[in-house]
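Please treat every number below as a calculation from the coordinates, not as lab data. If you're wondering where the values come from, they're calculated on a predicted model, not measured in any experiment. Note: ideal-geometry Cβ built from the backbone for every residue, glycine included; neighbour counts use all protein chains shown.
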Amino acid sequence: MPATLFIFLAVVSIITSLGVVVQRNPIHCLLALILTLIAIGALFLALDAVVVGFLQIIVYVGAIMVLFLFVIWLLNLQVEAVPTGSLAVKFFATIAAAGVAAELFVFFSKTTGALGGVTVAAGYGSIDSLAQTLFGQYLMAFETTSILLLVAVIGAVAIARRTIPERERDAPTRGTPT
Amino acid sequence: MMTVSYSWVMALSAAIFAIGVAGVLLRRNILIMFMSIELMLNAVNLAFVAMARRMGSMDGQVIVFFVMTVAAAEAAVGLAIIISIFRNRETVNADELNLMRW
Amino acid sequence: MTVHFPALGLILLFPALGFLFNLFYGARWGRGWVNIVGPGVVFASFAIVVVAFIRLVTLPAGSVLSVTLWQWIHAGPFRADFTLQFDALSALMALVVTGVGALIHVYSVGYMAHDEDFARYFAYLNLFELSMLILVLADNLVFMFMGWEGVGLCSYLLISFWYANQSFAYAGRKAFVVNRVGDAGFLVGMFMIVAALGSHGLWTLNFAMLRANANLFTTQTATIAAILLVVGATGKSAQIPLYVWLPDAMVGPTPVSALIHAATMVTAGVYMVARLHFFFMLAPVAMELVATIGAVTAIYAASIALVQTDIKKVLAYSTISQLGYMFLGVGVGAFSAGIFHVMTHAFFKALLFLCAGSVIHALDGEQDMYKMGGLRTKLPITYETMFIATLTISAIPPFAGFFSKDQILESVYNSGHHGLWVLGIITAAMTSFYMFRLIFLTFFGDSRVDSEKVAHIHESPSVMTAPLIVLAVLSIAGGWVGLPEHVLWGNRLNAFLAPSVGEFTPIMQGGVFMLTGVSLGLAVLGIIAAWYFYLVAPGMPYLIAYQLQSAYNVMLNKYYVDELYNLIVTRPLFWISTMVLGRVVDSFIIDGLVDGAGLTVETGGQLSRRMETGNVQQYAFVYVLGVLAIVAYYLYLVTH
């Protein structure tokens, strides 16, 4: 892909991810995250990973982020009032994150090869080849993952549902706007 | 213009990952911490896709597929837990959720 | 020649069975059974000993009956087994131990007839017989030491038999501890012997092997080892400086005093020296030491016995004195004479103690001679047998004591130790004096008995008087196996013992009549003096005591030796135990270690719990640090 496209997408994703971390309002954070995910999805498409790229948009942004949104509404989260956390924590945390970045940079600088240098097979990244690999070599993992999803659904329902006493208790006080 | 090399993509992935780490360590709202974790996962996905293309193999994309699935399941359960916590303690501030202290 | 004789094992088996029976079943099965089993097993042992003895005399001189009961220590080349050997010396000792022991067991039946703890008593007594027989029948020093320790243990158990009384228990402990000091010397001596032989490649403590290889010892090694062994012997045989336990041991039952502290256990030291005669002959210095200790102890103990008022204490000091004679005998090389005196002493001293027990029993526990008197008519059998014993101990012919004591004194003179000979004959005079003093005070004169006890005075039952009579006969005739040369059949005992203990080599020959005459004369002088002081002029002793008051007090208080030991040994040890070991080592170091271990864990826990804050972000932070470390490690691997 052309370098300009890459640089554009890279800058967008960095700025929006910074936005996720920095913003006060949870809804704004969520919005920034959505933008980051879309940028990364675009990068997937630029890297010839067509299926995964679209899946990213559909599943990740379309479903998971919506779920996040619903939870923010449900909990009625407000803007964070006072910046909490001691200076020492912020300092050390930043150092740690910077350290991670530095180490990974050093690591990944060893990676060789230009993007255009590698020619991929025809049909690389298409749904055809993905399905072939997925249902061929990784069939077991696929089936296990489906069970995992089932378990996750049951677990989520079990954890998040109200029990009857709670309902009775919550009912009278519910609905008071804060 | 110069050609994009894989090391650039990996560097980008590292940067987003580090930002995600910073988010987990710095923010107090557990929902936003969770979002930072999603950031980290995506950074890793990016690295996988780039390397898959470099090696010309579909295995990396299959991994990304699975990571997405698991991230979805994890998000569902995690958010259910956050809802449950909120119901019991009326707060999503990580500093106040320290029952397991000594 | 060595003959395999398995029946020897029975000699040990019977007392062992008796011990087990009396200990576990005695109380339940009752007095009747215990009274039969207790003495019965000893009689059975005695019978086997007699059978073995008869077998032994039919064999050529120097033969040994032997049997190995059990393989015990096989440590590389060193072997020590439970092997019994029955040679002339062991035969004689075994006869005395089982024979006199059986008689004393029978006497105990009557003596303990009113005591509730009869089963425990006979159990301990049987255990003692077992240990003593092990001691005299063992064929190596290690097995013998087992018996040595066993008799020490039984001595402790029996002295403090009536343990409810604090001072009795103390006396038992004193005996054991003092014995222990001697045993330490014995052990080190044993180690030296085995090391000395080991340096020549021979690892053994078997008596026959030691005798065969005695030439391998240097004089210095032999001397030091012999002196250490003598330390052990002084502890067991109550010589200076480790005799202090014997007078206190009189708080035990009188038959115990008779058996253990007169006839058998205390002679173990003499037996040990005689058994190792070849070893001691290598170290003339040690022999001199033995003889000197013997002579000095003899006269020293006799001087204390002169002024004691308790009948058992007189006999206790008399025992120490007579043991001194035995040491004197073996110290000058007359091993056979020393053992001869062991035998006769067993007879007459056991008889003396049993008679004293009879008197005490009749007077309902009275032991002070100044509260006795005139018992001659009331206790006829006791009086007559005790009188015979007293004649024997005073060395009046033809009683047994004369022959044995005379042989010792003659040997002492003929070995050139004239100074020690003089001590010996002076002691003989003192012996006859204090023994007849005892007789006169107890049985003659006016009765000084407390009025409420007078009515109860009665002769002992026949189960107690029968052994007295048997022992009296032995006290008369027992010495006739060792007659002087050229008189009738001569000294058969010497001839019998010679292969086991060697012959005495005199360096001169004093006139037989002169020597005998002097000692006999002094003995008679002692009797006359006692008669004068206690029958003719009873006030004289008090006058003399008043004139020589300080000397009298010193002797009465046993030369304050106990107090001296208390000061220089007991108190410092107690101080070390409480102050140093108790405070520093126990409380500070050991408790510190144990408590410290706990404290360390606790403090570690206190510090580590700070990590559990419950704050998820902190956990995540630590997590990130870990990841950084791992990635750094991979970087390091990749780049190098």
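Rg over Rh for segment C:2-556 works out to 0.96, using Cα positions for both radii and the Kirkwood form for Rh. The Cα center of segment C:283-353 and the Cα center of segment C:1-49 differ in position by 31 Å.
When the listed pairs C:LYS378/C:LYS405; C:LYS371/C:LYS558; C:LYS174/C:LYS378 are checked against a 30 Å cut-off, the alpha-carbon distance exceeds it for C:LYS378/C:LYS405; C:LYS174/C:LYS378. Shielding of peptide A:154-161 by partners, expressed as the average count of other chain Cβ atoms within 10 Å per residue Cβ, is 5.
Using the alpha-carbon atoms, what tilt in degrees (0 to 90, nearest 10) does helix B:6-26 show relative to the longest principal axis of chain B? The answer is roughly 10 degrees.
Placing +1 on the Cβ of every Lys and Arg and -1 on the Cβ of every Asp and Glu, with no other charges, gives the protein assembly as shown a dipole of roughly 740 debye about its Cα centre.
Taken over the C-alpha atoms, segment C:563-639 has Rg and Dmax values of 27.6, 85 angstrom.
Rounded to the nearest whole Hz, the Karplus-based 3J(HN,Hα) values (6.51 cos²θ - 1.76 cosθ + 1.60, θ = phi - 60°) of segment C:425-441 follow the sequence 6, 4, 4, 4, 4, 4, 4, 5, 5, 6, 5, 6, 4, 4, 4, 5, 5, with x at glycine and proline. Between segment B:81-102 and segment C:446-515, the alpha-carbon centres lie 103 Å apart.
From least to most packed, judged by other beta carbons within 10 angstrom and beginning with the fewest, C:HIS361, C:HIS4 follow the order C:HIS4, C:HIS361. Mean partner shielding of peptide B:26-37, defined as the number of other chain Cβ atoms within 10 Å of each residue Cβ, is 6.
Peptide C:207-216 shows a mean partner chain C-beta count of 0 within 10 Å per residue C-beta.
For segment B:9-92, averaging the sequence separation of C-alpha pairs within contact (under 8 Å, six or more residues apart) and dividing by the residue count gives a relative contact order of 26 percent. Between the residues C:PHE168, C:TYR271, C:PRO255, the greatest Cα displacement towards the positive end of the dipole of the protein assembly as shown, with unit charges on the Cβ of Lys, Arg, Asp and Glu, is found for C:PHE168.
Extension gain for C:VAL561-C:GLN509 works out to 14.9 nm (0.36 nm per residue, less the C-alpha to C-alpha distance).
Taking amide H as placed 1.01 Å from N in the peptide plane, C:VAL3 has its amide H under 5 Å from the amide H of C:VAL64, C:LEU65, C:SER66, each at least 5 places away in sequence or on another chain.
In segment C:563-639, taking the dipole from charged Cβ atoms about the Cα centre, the farthest positive-side position among C:ILE576, C:ILE590, C:PHE621 is held by C:PHE621.
The distance between label points at C:TRP480 and C:HIS114 comes to 3.9 nm (points 7 Å beyond Cα on the Cα→Cβ vector).
Relative contact order for segment C:2-556: 13 percent, from Cα pairs under 8 Å spaced at least 6 residues apart, divided by residue count.
Taking amide hydrogens as placed 1.01 Å from N in the peptide plane, the amide H of C:SER415 sits under 5 Å from those of C:ILE507, each at least 5 positions away in sequence or on another chain.
Relative to the longest principal axis of the Cα atoms of chain C, the long axis of helix C:492-501 lies at roughly 20 degrees.
Once both labels are positioned 7 Å from their Cα atoms along Cα-to-Cβ, the gap between A:ALA102 and A:THR144 label points is 3.8 nm.
The ranking of C:HIS105, C:HIS640 by Cβ neighbour count inside 10 Å, starting from the fewest, reads C:HIS640, C:HIS105. Shape summary of the protein assembly as shown, radius of gyration then Dmax from alpha carbon positions: 51.6, 149 Å. Evaluating 6.51 cos²θ - 1.76 cosθ + 1.60 at θ = phi - 60° for every residue in segment C:41-56, the Karplus couplings come out as 5, 6, 4, 4, 4, 4, 4, 4, 4, 4, 4, 5, 5, 4, 4, 5 Hz, glycine and proline recorded as x. Packing order of peptides C:238-250, A:123-135, C:182-194, highest average first: C:238-250, C:182-194, A:123-135 (average count of other Cβ atoms within 10 Å over each peptide's residues).
In terms of surrounding Cβ atoms within a 10 Å radius of their Cβ, A:CYS29, C:CYS355 rank from fewest to most as A:CYS29, C:CYS355. Taking Cα atoms, how many degrees apart are the long axis of helix C:88-111 and the longest axis of chain C, rounded to 10 and kept between 0 and 90? So the inclination is approximately 90 degrees. Here chain A is assigned +1 on the Cβ of each Lys and Arg and -1 on the Cβ of each Asp and Glu. Its dipole about the Cα centre then comes out at about 460 debye.
Please figure out what share of the DSSP beta bridges in chain C is antiparallel and state it in percent, rounded to the nearest 5.
If we restrict to bridges inside chain C, about 75 percent are antiparallel.
Toward the positive end of the charge dipole of the protein assembly as shown, with +1 on the Cβ of Lys and Arg and -1 on the Cβ of Asp and Glu, the farthest Cα among C:VAL177, A:THR119, C:LEU20 is that of A:THR119. Here the 3J(HN,Hα) profile of segment C:442-449, calculated from phi with Karplus coefficients 6.51, -1.76 and 1.60 at θ = phi - 60°, is 7, 9, 10, x, 7, 7, 10, 6 Hz, Gly and Pro shown as x.
A viscosity of 1.306 mPa s and a temperature of 10 °C, combined with the Kirkwood radius over C-alpha pairs in the Stokes-Einstein formula, give segment A:1-137 a diffusion coefficient of 88 µm²/s.
Charge dipole (Cα centre; +1 on Lys/Arg Cβ, -1 on Asp/Glu Cβ; no other charges) of segment C:563-639 amounts to roughly 200 debye. Taking amide H atoms as placed 1.01 Å from N in the peptide plane, the amide H of C:LEU69 lies under 5 Å from those of C:PHE82, C:THR83, C:LEU84, each 5 or more residues away in sequence or on another chain. Measuring from label point to label point, each 7 Å out along Cα→Cβ, what is the C:ALA537 to A:HIS28 span in nm? Those two pseudo-labels are separated by 13.5 nm.
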